[in-house]
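Report on the structure given below.
The numbers here are math on the coordinates, done by the rules we state, and not lab data. Everything quoted here is computed from the prediction, not taken from an experiment. Every residue, glycine as well, gets a Cβ built from its backbone with ideal geometry; the counts of neighbours run over all protein chains shown.
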Amino acid sequence: MDYIDPHIHMVSRITDDYETLARMGCVAISEPAFWAGFDRGSVDGFRDYFRQLTQVEPRRAAQYGIAHFTWLCINAKEAENVTLSREVIAMIPEFLDAPNVLGIGEIGLNKNTKNEATVFLEHLELAVTHRQSVLIHTPHLEDKYQGTRMILDMLCDDSRIDRGRVLVDHVEEHTIGPVLDAGFWAGMTLYPVTKCTPARAADMVEQFGSERLMVNSAGDWGPSKPTAVPDFIFEMRSRGHSESLIRKIVYENPLEFFRQSEHFDWQPRA
Amino acid sequence: MSADTPTLLDRQFLTMRAKLLELAADWDRLERGGELAGNDSRLEQLRDAVRVLLEESRPRAEKVQTIFSRRYDPSWRSAMNI
């Protein structure tokens with residue numbers, strides 16, 4: 001089955017992973033900007049990173065027939081440095097016309113601090129000003145519920161935000177309901193230990209339906225599995241779910257969400 | 001739609017049994033390590049979570065998530081002056 005991974009950090013993966021993804025049916029991916037495992041020291045560090053996301057990775061993906069899209073921001077972890085964050089936010093428009101940029105992301109919260117919330121709001125302002133879609137990171141573990149509710153508060157307080165153009169990622173059992181109820185898209189990240197398993201993701205589909213719902217692998221530099229979406233497909237099939245339901249979640253929903261971005265003109269293969 | 005309960009139990013019984021044994025062994029290992037200095041709230045969270053598994057009402061997964069979550073204060077914006 002053709003599928004799209006809407007959240008995978010390919011800068012952290014070796015080229016062999018692109019080949020494996022292609023063999024498993026992956027036809028397109030989107031890669032949000034994230035934390036590199038260390039705090040970068042200057043706006044030029046981010047400028048080089050955005051060149052990697054808009055120029056290098058699309059070429060690497062294309063060798064295996066995979067379309068590569070991306071989202072730009074300074075992530076929540078580095079957002080604790082408000083001065084650097086403002087420099088990065090001011091620089092982002094240099095890249096918004098790149099052909100693979102879908103919007104602003106993954107913005108969000110990490111430890112739910114005032115600085116993180118301040119930078120999140122300034123990213124939202126950037127997205128509204130430039131009519132960009134938004135991809136949102138929610139915190140991990142004990143911070144997830146509080147942080148997700150804070151993020152929803154900030155989004156819902158701004159009437160300019162088109163909720164249909166916002167994807168709130170890393171939802172789990174205690175956060176998926178509030179996200180979907182508020183009219184946003186929700187992403188379930190299949191990740192060992194700290195996020196969600198394919199079985200629990202399938203449970204949530206059975207309880208919440210398939211509207212505005214996606215699954216992704218994150219596939220970053222931590223312990224993660226870039227082929228987690230095919231694991232979800234396998235889990236759904238083993239439970240007897242229809243091919244049309246599975247395809248909606250792993251292919252049609254990401255496509256519907258991405259199509260709202262100005263630069264997304266990708267054509268599915270015949 | 002997902003399978004019925006007898007089918008699910010046939011499919012998942014050994015996996016669930018294995019997970020419970022892992023948890024039991026984890027707890028034994030913690031006890032063999034001796035007493036904790038002071039109270040560690042994580043142990044109480046774990047005990048609360050196990051109690052949820054024995055309840056007769058859903059959604060257990062959501063309840064367990066809540067046990068391990070920080071409290072949300074709707075007035076956070078005024079507290080942070082944002």
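Tabulated results
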quantity	calculated
Matching residues in segment A:206-229 - criterion: being closer than 15 Å to A:PRO178 by Cα and either outside any helix (DSSP H, G or I) or β-branched (Val, Ile, Thr) (or both)	A:GLY209, A:GLU211, A:ARG212, A:LEU213
Any chance A:THR148 is under 19 Å from A:ILE8 (Cα atoms), touching a His at 6+ places or on another chain (Cβ under 9 Å) and touching a residue at least 24 places away in the same chain (Cβ under 8 Å)	no
Counted residues, segment A:183-205 - those being of a type outside the set (S, T, N, Q) and either assigned to a helix (DSSP H, G or I) or within 14 Å of another protein chain (Cβ to nearest Cβ) (or both)	12
Entirely in segment A:54-132, the helices (runs of 4 or more DSSP H) that have 3 or more residues that are without any contact (Cβ under 8 Å) to a residue 12 or more places away in the chain and over 24 Å from A:ILE29 (Cα atoms)	A:114-129
Cβ pairs under 7 Å, 6+ apart, first in segment A:166-179 and touching a residue at least 60 places away in the same chain (Cβ under 8 Å), second part of a loop (DSSP other than H, G, I, E, B)	A:ASP169/A:HIS7; A:ASP169/A:THR138
Residue count for segment B:29-82, restricted to those that are part of a loop (DSSP other than H, G, I, E, B) and either among the small types (Gly, Ala, Ser) or surrounded by fewer than 10 Cβ atoms within 10 Å (Cβ to Cβ) (or both)	15
Hits in segment A:128-143 (condition: surrounded by fewer than 22 Cβ atoms within 10 Å (Cβ to Cβ) and more than 10 Å from chain B (Cβ to nearest Cβ))	A:VAL128, A:THR129, A:HIS130, A:ARG131, A:HIS140
Scope segment A:28-43; condition surrounded by fewer than 21 Cβ atoms within 10 Å (Cβ to Cβ) and touching a helix residue (DSSP H, G or I) at 6+ places or on another chain (Cβ under 9 Å); matching residues	A:TRP35, A:ALA36, A:GLY37, A:ASP39, A:ARG40, A:GLY41, A:SER42, A:VAL43
Subset of segment A:31-45 [among the hydrophobic types (A, V, I, L, M, F, W, C) and touching a strand residue (DSSP E or B) at 6+ places or on another chain (Cβ under 9 Å)]	A:ALA33, A:PHE34
